[in-house]
Amino acid sequence: MDTPTFTTVSGRQVAEILRGRHAEVVGLVRDSYLAHGEGRTVNPPSAFLRFPDRPRDRVIALPAALETVNGVKWISSRPGNLDLGLPRAAAVLVLNDPVTGFPYACLEGAVISASRTAASAALAARVLTEQRGTRPTRLGIIGAGLIARYIHEYLDATGWRFDRIAVHDLHEQYAHRFAEYLDADVSVHTDPGALIESSDLVVFATTATTPHIGEQAWFRHHPLVLHVSLRDLTPELILDCHNVLDDIDHCLAADTSVHLAEQHCGDRRFVHGSMYDALTTGLAVPRDRTVVFSPFGMGVLDLAVGRFVHREGTRLGLLDPVPDFFSTPAMSWTGARP
């Protein structure tokens, strides 16, 4: 057997391959949730590398396996990069051949990560809205970074239209830049409470490390909340909501809001189901309670999108293998020793 080839895929190539493929990426995410719920994946807990002198910074390893690929995403998060004019997150995704174990591709991972995160949010918005029986028309976004842009893009590309869009960020200039980026009639709010009260679909896409939103009165109109950044809502508020998680065991970890809620009350009765439940058996999604979707973000989603990017890039002739990446020649021990 020849030594496997190895390919690198740049962020520019990833973006080019995924351009206009929003519906397909949402389908990949949906299929991955189904495979995971049916036990056809391996998705161990993420590993966190933290720094005592920099508590906001972290690097996360997300190992995972699907039936035809395994690998790992290695993603760093450094909020201070924003002050340097750099993206908060940087990532690579390594794909391994499940037969030989050889890695065969290293892809820029931030675009893949943002795409699968946004696709997961768009999928949840559609499924939970259908099961709730009422469609939001007023979008509110808290946190005006890259993930917020991708979520809006995926909502727009999968058929969502809003009568009103509002945005809030602790750094007001980021909110104004986001509004300019959308090139639409977007209102910038300096008060997060006013934004939440006037929105029936609320997206949290911040860099918060501890809960900072807990006013139950802001949610008395019972919006659908996509709690993408996972650590914005207080445990008390979470316990007052109808909670759907992408994967229950994964979300109830790493001091997410739902993990803190579990520690607060000592059980998981406040969790009403997973995305697999919503896609298969259906969930009773109430109109008279705030519905919160909390997606921890599983490595199998990155793998599914990364495999798609690699296959499409290969099919389109966009990728070039790295010559002689593996210096050790293939060896066979079936013959006589020299």
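Structure notes:
- Derived from the Cα gyration tensor, the three semi-axes of the equivalent ellipsoid of segment 133-207 are 18, 14, 11 Å, largest first.
- A 1.4 Å probe run over segment 137-190, with the rest of the protein chains in place, finds 51 Å² accessible per residue.
- Restricting segment 233-320 to trypsin sites (Lys or Arg not before Pro) in coil, as DSSP defines it, with at most 15 other Cβ within 10 Å: 268, 269, 287, 289
- Expected 222 nm ellipticity per residue - DSSP helices of 4 or more, -39500 (n - 2.57), all of the chain, to 500: -10500 deg cm²/dmol
- For segment 223-267 versus segment 74-101, the gap between their alpha-carbon centres in whole angstrom: 25 Å
- Residues whose placed amide H lies under 5 Å from that of residue 186, excluding near-sequence neighbours: none
- Each residue of segment 296-301 was assigned a 3J(HN,Hα) from its phi angle through the Karplus curve 6.51 cos²θ - 1.76 cosθ + 1.60 (θ = phi - 60°); the sequence is 5, x, 9, x, 5, 5 Hz, with glycine and proline shown as x.
- Other residues whose C-beta falls under 15 angstrom from the C-beta of residue 276 contribute a net charge of -4, scoring Lys and Arg +1 and Asp and Glu -1.
- Computing Rg and the Kirkwood Rh from the Cα coordinates of segment 97-138 gives a ratio, Rg/Rh, of 1.30.
- Fraction of alpha-carbon pairs over 37 Å apart in the chain - percent: 18 percent
- Across segment 179-189, coupling constants 3J(HN,Hα) worked out from phi with the 6.51/-1.76/1.60 Karplus curve, θ = phi - 60°, read 4, 5, 4, 5, 6, 9, 7, 10, 9, 9, 10 Hz, and Gly and Pro carry x.
- Helix 146-157 axis, angle to the chain major axis (alpha carbon atoms, nearest 10°): 80 degrees
- 20 °C / 1.002 mPa s Stokes-Einstein diffusion coefficient of segment 179-220, Kirkwood radius on C-alpha pairs, µm²/s: 178 µm²/s
- Calculated accessible area for segment 210-338 comes out at 48 Å² per residue, all protein chains present (probe 1.4 Å; ligands, DNA, RNA ignored).
- Diffusion constant of segment 106-167 at 25 °C, which comes from Stokes-Einstein with the Kirkwood Cα-pair radius and 0.890 mPa s, µm²/s: 198 µm²/s
- Relative compactness, segment 82-232, computed as alpha-carbon Rg over 2.2 N^0.38 Å: 1.14
- Taking every alpha-carbon pair in segment 22-74 and binning the separations at 5 Å intervals from zero gives 5, 17, 19, 20, 16, 10, 9, 5, 1 percent.
- Apolar share of the accessible surface for the chain: 52 percent from carbon plus sulfur atoms, 1.4 Å probe.
- Cα gyration tensor, segment 181-338 - rounded (a/c under 1.5), prolate or oblate: prolate
- Order of exposure, largest accessible area first, which applies to 197, 108, 215 with probe 1.4 Å: 215, 197, 108
- Computed over the alpha-carbon atoms, segment 166-268 gives an Rg to Rh ratio of 0.99, Rh here being the Kirkwood radius from the mean inverse distance.
- HN-Hα J in Hz across segment 262-276 - Karplus 6.51, -1.76, 1.60, θ = phi - 60°, x for Gly and Pro: 4, 5, 5, 9, x, 8, 10, 5, 7, 8, 9, x, 10, 5, 4
- Beyond 16 Å, the tail of the calculated P(r) for segment 68-147 holds 67 percent of the Cα pairs.
- Choice from 166, 144, 47 showing the highest fluctuation, given a GNM over the chain with Cα pairs closer than 10 Å: 47
- Largest mean-square fluctuation among 54, 88, 231, in a Gaussian network model of the chain whose springs join Cα atoms under 10 Å apart, belongs to 54.
The values are calculated or read from the model by the stated rules, or taken from the named source; none is laboratory data. Just so you know, these numbers come straight off a predicted model, no measurement behind them. In this analysis, Cβ positions are derived from the backbone assuming ideal geometry, glycine residues included, and neighbour counts consider all displayed protein chains. For accessibility, only protein heavy atoms count, side chains too; no ligands or nucleic acids. Shrake-Rupley method; radii C 1.70, N 1.55, O 1.52, S 1.80 Å.
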